[in-house]
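The values are calculated or read from the model by the stated rules, or taken from the named source; none is laboratory data. Small disclaimer: the values here were computed from a predicted structure and weren't measured. Here the Cβ positions follow ideal geometry from the backbone for every residue, glycine too, while neighbour counts run over all protein chains shown. Calculation scope for accessible area: heavy atoms of the full protein, side chains included, ligands and nucleic acids excluded. Shrake-Rupley method; radii C 1.70, N 1.55, O 1.52, S 1.80 Å.
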Amino acid sequence: MYSTAATRHFSGTYAEARRKFLEAAAQRGAAVESFVLEAHRGALGETLATDVALLGKPNAAKLMIVSSGTHGPEGFCGSGCQVATLNDADLMSRLEQAGVALLLVHAVNPHGFSHLHRTNEDNIDLNRNHIDFDAPLPVNAAYAVVEPFVLPGTWPPAAADEAAMAAYIEKHGMRAYRAAVTAGQYTSPEGVFYGGKAPSWSNRTMRGILRKYGTAATHIGWIDIHTGLGPYGHGEKIYPGRNAPADLAQARAWWGADVFAPFDGQSASADVSGPVVSAIYDECPQASAALMGLEFGTLPDMEVMTRLRADTWLRRHPEAPAEQQRAIRKDLRDAFYCDNDEWKGMVLGQARVVLLQTLQGLKGA
């Protein structure tokens, strides 16, 4: 059994998570800055913001970044890890002694975190939004084929919709189906895994944060915490950076041979079109960057996908009965956050190991 002391850092709502994060940052003496999403309020009427906490010198040459909440309710996990880190006196001491600055970015997508949507206030998946919008948009021709049965007119899907999905998977294979659905699409604003038509508020905010806090760094290690893919409680180390052998080799040198790259077909994740961490190449080109998406498993992958589809269907159908709306919201939260001590203990143990490995990597850089 895992102690309540180890898991008290997690929260049940975005508002609680934000309060715990800000309190822990203040107690640790961090420099805190808040970026408020002015045009929207939270599910409880609260202010929505991406908050950052910096420990260490603002112009440190070596910088560790830990971000949470890129995909809304995945923030429950990431926030818990960040609050636990702020309460980890030993880790804080190691960082200080090494001269490594720590930047915690809390709730990259505060609207989705609060309202229990994986996407943001405009139904944009932030890990498909960090692309060059001056260039032609990525093309995902298969998405138009699968959307009618991925997002049917009624929920739960009718038998005919389920049969159409099964037929597509049988013909093209599960990997092709997952790529068609999850890689990112730019044609259906009310669809799943929508990348947007322009940089989102969160995209612009994250880039501003990187320019302010990262331009003095020569070496950056960035951990973006996610949930929803892979075996229950297992933290898969996903390499979300550019397809460059030297960069992937550096990630494996820091974090081990079990760092998997989506573009190699090894990862539980699809090779997505515009991950948040890719902004580092634009905003901090002077730095050598080691990047990781730390992905903790929750439920079986297809169950998570079904709940994501239901969430998007609900956005299309706000007239749905209140009871169905509540059920879909709860199901989505449970798809990305296992609210039990066992899972939280697994998460915290693995996350701490990764942060220690990142510290060692930065010290040796």
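Under 8 Å for C-alpha pairs, at least 6 residues apart: give me the relative contact order for segment 101-212, rounded to a whole percent.
Working: 109 pairs, mean separation 37.8, N = 112.
It comes to 34 percent, rounded to a whole number.
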>> For the chain, what does the helix formula give at 222 nm: sum of -39500 (n - 2.57) over DSSP H segments with n ≥ 4, over the residue count, nearest 500 deg cm²/dmol?
In response: -14000 deg cm²/dmol
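In whole percent, what relative contact order does the chain give with Cα contacts below 8 Å and a gap of six or more residues? Numbers along the way, then the final one.
On the way: 712 pairs, mean separation 75.9, N = 365.
21 percent.
Give me the dipole magnitude in Debye, nearest 20, for the chain about the Cα centre, with unit charges on the beta carbon: positive for Lys and Arg, negative for Asp and Glu.
Using only the charged Cβ atoms, the result is roughly 720 debye.
On a full-extension model of 0.36 nm per residue, what is the gain between residue 61 and residue 215, subtracting their alpha-carbon distance, rounded to one decimal in nm? Walk me through the numbers before you get to the answer.
Working: separation 154, 0.36 × 154 = 55.44 nm, distance 0.92 nm.
Extra length from residue 61 to residue 215 when fully extended: 54.5 nm.
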>> Limiting things to C-alpha atoms, what are the Rg and the maximum Cα-Cα separation (Dmax) for segment 128-193, in angstroms?
In response: 13.1, 42
>> Could you work out the pair-distance distribution P(r) of segment 146-270 from its alpha-carbon pairs, with 10 angstrom bin width and percents rounded to whole numbers?
In response: 10, 28, 35, 20, 7, 1
> What residue among 67, 273, 79 has the largest mean-square fluctuation in a Gaussian network model of the chain, using Cα springs under 10 Å?
Replying inline: 273
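Please arrange 93, 114 by accessible surface area, largest first, computed with a 1.4 Å probe and ligands excluded.
Working: 93 45, 114 15 Å².
Descending accessible area places them as 93, 114.
Can you tell me the convex hull volume per residue for segment 77-228, based on C-alpha atoms, in Å³ to the nearest whole number? Don't skip to the end; give the middle numbers.
Details: hull volume 23.9 nm³, N = 152.
Convex hull of Cα atoms, per residue: 157 Å³.
When the dipole is taken about the Cα centre of segment 307-365, and only Lys, Arg (+1) and Asp, Glu (-1) are charged at their Cβ, what size is it in debye, to the nearest 20?
260 debye
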> Size of the dipole of segment 140-243 about the Cα centre, Lys and Arg at +1 and Asp and Glu at -1 on the beta carbon, nothing else charged, in debye to 20?
Replying inline: 720 debye
>> Whole-Hz ³J(HN,Hα) for each residue in segment 321-326, computed from phi via Karplus 6.51 cos²θ - 1.76 cosθ + 1.60 with θ = phi - 60°, x for glycine and proline: what do you get?
In response: x, 4, 5, 5, 4, 4
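Counting Lys +1, Arg +1, Asp -1, Glu -1, what net charge surrounds residue 112 among other residues with beta carbon under 9 Å of its beta carbon?
Values: positive: 118; negative: 74, 121.
Cβ neighbours under 9 Å give a net charge of -1.
Do you know the Lys pair count in the chain for C-alpha distances under 19 Å, with sequence separation 8 or more or different chains? The partial results should precede the final answer.
Values: 20/344; 57/212; 57/363; 62/212; 62/363; 237/344; 330/344.
So the count works out to 7.
Give, as a single signed number, the net charge of other residues whose beta carbon lies under 12 Å from the beta carbon of residue 359, with Lys and Arg counted +1 and Asp and Glu -1. Could you put the intermediate results ahead of the total?
Details: positive: 62, 94, 352, 363; negative: 88, 90, 96.
Charge balance in the 12 Å sphere: +1.
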> Given the options 62, 237, 197, which has the most mean-square fluctuation in a GNM of the chain, springs set between C-alpha atoms less than 10 angstrom apart?
Replying inline: 197
>> Tell me the per residue accessible area of segment 1-77 using a 1.4 Å probe; a whole number in Å² is fine.
In response: 43 Å²
> Which cross-chain or sequence-distant (5 or more) residues have an amide H under 5 Å from the amide H of residue 48, H modelled 1.01 Å from N in plane?
Replying inline: 37, 42
>> Just to confirm a number: summing +1 for Lys and Arg and -1 for Asp and Glu over residues other than residue 336 whose beta-carbon lies under 13 angstrom from that of residue 336, what do you get?
In response: -3
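Which chymotrypsin sites (Phe, Trp or Tyr not before Pro) in segment 228-336 sit in a loop by DSSP (not H, G, I, E or B) and have at most 10 other Cβ atoms within 10 Å of their own Cβ? Walk me through the intermediate numbers first.
Numbers: sites: 232, 254, 255, 260, 263, 281, 296, 313, 336; in loops: none.
Within segment 228-336, no chymotrypsin sites (Phe, Trp or Tyr not before Pro) qualify (loop, at most 10 other Cβ atoms within 10 Å).
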> Tilt of helix 341-364 relative to the longest C-alpha principal axis of the chain, in degrees (0 to 90, nearest 10)?
Replying inline: 50 degrees
